[in-house]
Amino acid sequence: MKIAIGGFFHESNSFNPIITDEKDFIVFHKEEIFSNADSYIMAKGIIEYFEKYPDYEILPTIFAKAVPNGLISKEYYIYLKEKFFEYIRSYGKLDAIVLALHGSMRIVDIGDAEGDLLSDLRKIYPDIPIICGLDMHATITNKMTSNANAFVGFKTAPHIDVYETGEKAAEICRLTLENKLDLQMGLAKLPIMIAGEKSETDSEPMRSLISELKEYEKNDEILAASYLLGFPWADSEDNGVTTLVVTKGNKQKASEVAIKLSGMFKKKSSEFNFSVPSYEPEKALKIALDQSEKLTFLSDSGDNPTAGSTGDNTTMLKLLINEKERILSLNKNILVAGIYDTKAINYCSDHIGETISITVCGFYDTMNCTPVELTGKVIKNWGPFSSDMVLFSTEIFELIIVSKHIGFTDVTMFEAMDIDYINKDLIVVKLGYLTDPFKKIANTSILALTKGCTNELLSDLPYENKDEYVFV
């Protein structure tokens, strides 16, 4: 059996003015994925599943991924798409295609990337199974469902079942081919907009809702059941929560189960809330400074790069400066992770060990903040990472400045810069819910409801079709 595989993975925030392009992507061409699978975990799940079955030949195409950001440039997307089709055509006749996609990737002047890709793919391969793994925050469109045979989404947020989702997509493909299944999908949509920070799967009501999905998947006729929550920081007419069920051939059952699961979600919609204490920014900072234990994490949620924000919002820096006297009197040891400012990092790199004054960002997010003047010492710079980084030490906090739009998700960044993060009283991080590496060390987690491209107060965002949504 000849199985073509590929992947496009990006969460595109339409409220972020940055255009995502070649400089932001990691791309693996064809066989490169086999030695780089750890950098594309869903693809790794697909590959390692099929490697257990010697009758299946894996034919890789292109795998492209980037940290969530603004919309992707049309020109760069077309380049990636053309490469994908060049590679897939080179393999000749195929038995099936399995893709590791996000589901909320958007392109300038095109919009829905997955729908665009799948519709062109279906024109070339009208009769073979096309199976796709998706992020839980996929936005399901008619173009997507009309041109694929099955979708299966993550069941965890934070996403810790990425590998397993790749395996599941591959398994559905194998079962379809070996049993000549006529896959059927049923779906139900709700105009509900919900932020990820209110829908973590280890908290209620998502814990119970996901448990129900898993119960339905025990039915021999059901291959996959998914809640695909949409991506609230993209203004798309297709946004909202989609319940999607895949059966071995029973369209009626797929639709009935999807409708039933959707009803359960709607019934529980009033129960969604933040899983950690959340406050307006000024109050959040005051409470964080009052903590007696070390390692309080304060999330600058309105500027979360892992949900596609700019990463250059200065709101929390200004609030820290306003609390200078209190911070000094409490002798608090504070780290800010971090800010995206290429100009500032270039200047700092020429002044290692010196005390200097710099202006940091607010360059992209001009709607919600302005630049900030800082005086401090350039402690260290570090090159061999996903970004150049500088540690800048002011009188009241240390600040990590980065040269690229990246996520602040792991202690490896701190370790690379020899930061004694374990002994910090407060770490202000550009995130929403904490990633697992941070959860493991945090004594306290607080969410600051800052304004930015990932504003948690979704009703404040300038959606064109705001009246059509229910915000929870």
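Each reported figure results from applying straightforward, stated rules to the coordinates on display, with no laboratory input. Note that the structure is a prediction, hence the values are computed from the model and not measured. No Cβ is skipped: glycine too gets one built from the backbone with ideal geometry, and neighbour counts run over all protein chains shown.
Quick notes on this one:
- Loop-resident sites, the range 184-246, for trypsin sites (Lys or Arg not before Pro), counting at most 15 other Cβ within 10 Å (DSSP): Lys218
- Modelled FRET efficiency - R0 22 Å, Ile441 with Ile160, Cβ distances, 0.05 increments: 0.85
- Chain lengthening between Ile356 and Lys267 when straightened (0.36 nm per residue, less Cα-Cα): 26.4 nm
- Listed residue pairs exceeding 29 Å between alpha carbons, taken from Lys93/Lys404; Lys74/Lys253; Lys30/Lys253; Lys52/Lys155: Lys93/Lys404; Lys74/Lys253; Lys30/Lys253
- DSSP-assigned coil residues among GluC sites (Glu not before Pro) in the range 140-239, each with at most 15 further Cβ atoms within 10 Å: Glu221, Glu237
- Cα centroid separation - the range 1-36 against the range 78-117, whole Å: 10
- Over all other residues within a Cβ to Cβ distance under 10 Å of Ser104, the charged ones net out to -4, with Lys and Arg as +1 and Asp and Glu as -1.
- Burial ranking of peptide ranges 34-45, 93-104, 416-427, 141-152 (average Cβ count within 10 Å, highest at the top): 93-104, 141-152, 34-45, 416-427
- Entries in Lys214/Lys268; Lys168/Lys218; Lys168/Lys214; Lys2/Lys65 that, when Cα-Cα distance is taken, lie over 19 Å: Lys2/Lys65
- One chain, two ends: Glu464 and Asn219. Fully extended at 0.36 nm per residue, the span grows by 84.1 nm beyond their Cα-Cα distance.
- Neighbourhood net charge (12 Å Cβ-Cβ; Lys/Arg +1, Asp/Glu -1) for Lys2: -2
- Of all DSSP beta bridges in the range 2-271, antiparallel share, percent nearest 5: 45
- At least 18 Å along the helix axis (C-alpha) and Kyte average at least -1.0, DSSP helices within the chain: 74-90, 162-179, 251-268
- Near Glu221, once Lys and Arg are set to +1 and Asp and Glu to -1 for all other residues with Cβ below 9 Å from its Cβ, the sum equals +1.
- In this calculation the C-beta distance from Ile78 to Leu328 is compared with R0 = 41 Å, giving a FRET efficiency of 0.15.
- Listed by Cβ neighbour count within 10 Å, with the fewest neighbours leading, Leu431, Leu320 appear as Leu320, Leu431.
- Each of the peptides 50-58, 81-89, 303-311, 339-347 was scored by the mean count of other Cβ atoms within 10 Å over its residues; in descending order, highest first, they stand as 303-311, 339-347, 81-89, 50-58.
- Counting only DSSP beta bridges with both residues in the chain, the antiparallel share comes to about 45 percent.
- 11 Å cut-off, amide nitrogen to a point 7 angstrom out along Glu415 Cα→Cβ, residues in the range 429-457: none
- Cα-Cα over 20 Å, subset of Lys380/Lys439; Lys380/Lys440; Lys81/Lys143; Lys23/Lys143; Lys189/Lys430: Lys380/Lys439; Lys380/Lys440; Lys23/Lys143; Lys189/Lys430
- Gain in span if fully extended, Leu457 to Tyr53, counting 0.36 nm per residue against the direct Cα distance: 140.7 nm
- Note on the range 278-455: antiparallel DSSP beta bridges, both residues inside, total approximately 45 percent of the bridges counted.
- Placing R0 at 51 angstrom, the Cβ-Cβ distance between Ile259 and Met367 gives a FRET efficiency of 0.80 after rounding to 0.05.
- Value at 222 nm in deg cm²/dmol, rounded to 500, when DSSP H runs of n ≥ 4 in the chain each add -39,500 (n - 2.57): -8500 deg cm²/dmol
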